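Reading through the structure tokens given below for one structure.
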Amino acid sequence: MSRTRTSAFSRQERKAAMWALLAAAVIAAAAMMIQQLTGPSLGPWGAEQATVSMPDVLDAQPIASTL
């Protein structure tokens, strides 16, 4: 008995896979462009307050250890 099909996937399946890959590439490219246009997320404080230090908060200091 000889094999009648020479390919594992039909033409329609290959075409659907190509469209899926193309759609994924377009979505990834659009996400990268949007990420470049927007700044990093700074949480609830926003970009304006990120550079202003909070009142009564000191910079981190190492704990002095006397052994």
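Can you tell me which residue among Val52, Val57 is of a type in the set (A, V, I, L, M), part of a loop (DSSP other than H, G, I, E, B) and modelled with pLDDT of 65 or more?
None of the other options fit; the residue is Val57.
Does Ser10 fit the bill of being at pLDDT 70 or above and among the hydroxyl-bearing types (Ser, Thr, Tyr)?
It is true that Ser10 is at pLDDT 70 or above and among the hydroxyl-bearing types (Ser, Thr, Tyr).
The values are calculated or read from the model by the stated rules, or taken from the named source; none is laboratory data. Note that the structure is predicted; figures quoted are calculated from it, not measured.
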